[in-house]
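Heads up: the structure comes next, in structure tokens.
The values are calculated or read from the model by the stated rules, or taken from the named source; none is laboratory data. Predicted model only: the values in this text are computed from it and were never measured. For neighbour counting, all protein chains shown are included, and Cβ atoms are generated from backbone atoms with ideal geometry for every residue, glycine included.
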Amino acid sequence: MSPLLYVAQRGTAVILAVAVAVHLGTILYAVRGGLTAGEILGRTQGNLAFFVFYNVFVVAAAIHAPIGLRSILREWTPWRGRSLDGAMLAVAALLLVLGLHAALAVYVA
Amino acid sequence: MNAPVPTASLADPTIEAAPYATLTVRIRRDDGFQAFTVARRPAQTVLDVVTEIQREQDPTLAYRFACRVGMCGSCAMTVNGRPRWTCRTRVAAVAENDGLTLEPLRNLPVVKDLAVDMEPFFQKWTAAHGAFEPGAAPLDDFAVVAPDSPERRAVDAGIECINCGVCYAACDVVTWNPDYLGPAALNRAWTLVNDVRDRGQDARLEAVSGDGGCQSCHTHMSCTEHCPKALAPTFAIAGLKRATSRSALKRFGARHFRRSA
């Protein structure tokens, strides 16, 4: 991978380390408290902090995951070249669209 | 820095061999494994065993050695599944149940029996810009390099590589990705990146980046674990990751954020 991809993957890893911990902590807290989906959505609706947090999470994941997936595919399959890079851009776009859509849905629900 | 090579004493258990003891040696040949029996001797090295077999039992056995004292890097083989320099490996230290299994180094084409073709190894060394680049014009005077400067210390840490290929054979990333330059070539590049006299740094940092470069290292540390000279190519590669990242970010910034005059 190029040095810039390397920096992007390591940089997003730092963001994800915090974001995943907060995300899992939030899930554990919500489940332990016995919150229902309706109650959770009631709290997240219109909550700008939640919206910004999950947008950052999604963008970091959409950058981080395809770079790692590209390395794995290059090591374990003969797939190389522009088709691989194009497919990884598509994976990044998919993660971005699905993730931002979900974050927006929770925000406006 | 190198670990000091321990001085053997008579109490060293790797020196003495039981009288009349024998060693069973399985050697990978072109058509599978062949077994030989060799007498155990005091302070016997794995290279001694191979030499005895070749001279007294089977002159067709192919292997490579030169200095016999751990300087030339010619005699590396896979001994009981681990890559080692055989001239400095005592049989008593590595034999399992009075047996040795010898194979050629991994990740390199086999020429015959225990001899491998080192050309891909040295091609990558060259591809990583492993030669000193003096620039177009020689310096007017000797460069003054303080022995305790961070650059000189970084060079010292990796300069004793003898290119034996042990780290290259130990590296799983080389197995998975044949384009990967490997620990020895990257370690060499790192010593030159820290050479303040060198004038080829941009090209070198470019050469050690990319899908075959330092960023592909998984930090398994097999190279550092197996290096017979106790060098740490993993840390050299980590240094290259930092240097290439800095250089790429600088170029990226200059390209996209430089103010127009």
Select, from A:36, A:26, A:44, A:12, the only residue that is surrounded by 12 or more Cβ atoms within 10 Å (Cβ to Cβ), farther than 23 Å from residue A:65 by Cβ and among the β-branched types (Val, Ile, Thr). A:44
Any residue in the stretch A:1-10 that is under 25 Å from residue B:254 (Cα atoms) and either in a loop (DSSP other than H, G, I, E, B) or away from chain B (no Cβ under 14 Å) (or both)? yes
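For residue B:240, indicate whether it is within 14 Å of another protein chain (Cβ to nearest Cβ), crowded, with 17+ Cβ neighbours inside 10 Å and of a type in the set (A, V, I, L, M, F, W, C).
yes
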Looking at the stretch A:81-90, can you tell me whether even one residue there is hydrophobic (A, V, I, L, M, F, W, C), closer than 30 Å to residue B:174 by Cα and not in a helix (DSSP H, G or I)? no
Residue, farthest from the chain's Cα centre (by Cα), within the stretch A:11-30, restricted to residues that are within 14 Å of chain B (Cβ to nearest Cβ) and small (Gly, Ala, Ser): A:11
Output the qualifying pairs, or none if there are none: Cβ atoms under 7 angstrom, residues six or more apart or on different chains, first residue in the stretch B:135-151 and surrounded by 10 or more Cβ atoms within 10 Å (Cβ to Cβ), second residue part of a loop (DSSP other than H, G, I, E, B). B:135/B:199; B:139/B:197; B:145/B:196; B:151/B:194; B:151/B:196
Scan (1) modelled with pLDDT of 95 or more; (2) within 14 Å of another protein chain (Cβ to nearest Cβ) for the single condition residue A:98 breaks and write down its number. (2)
Can you pull out every residue in the stretch B:204-261 that is acidic (Asp, Glu) and modelled with pLDDT of 95 or more? B:206, B:225
The lone condition residue B:84 fails out of (1) surrounded by fewer than 22 Cβ atoms within 10 Å (Cβ to Cβ); (2) charged (D, E, K, R); (3) within 14 Å of the chain's Cα centre (by Cα) is (1)
Right, residue A:82: modelled with pLDDT under 90, loosely packed, with under 12 Cβ neighbours inside 10 Å and of a type in the set (Lys, Arg) or not? no
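Let's see how each residue does on (1) over 16 Å from the mean Cα position of the chain (by Cα); (2) among the hydrophobic types (A, V, I, L, M, F, W, C); (3) under 29 Å from residue B:66 (Cβ atoms):
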| position | (1), (2), (3) |
| --- | --- |
| B:176 | yes, yes, no |
| B:180 | no, no, yes |
| B:189 | no, yes, yes |
| B:193 | yes, yes, no |
| B:229 | no, no, yes |
| B:234 | no, no, yes |
| B:241 | yes, no, no |
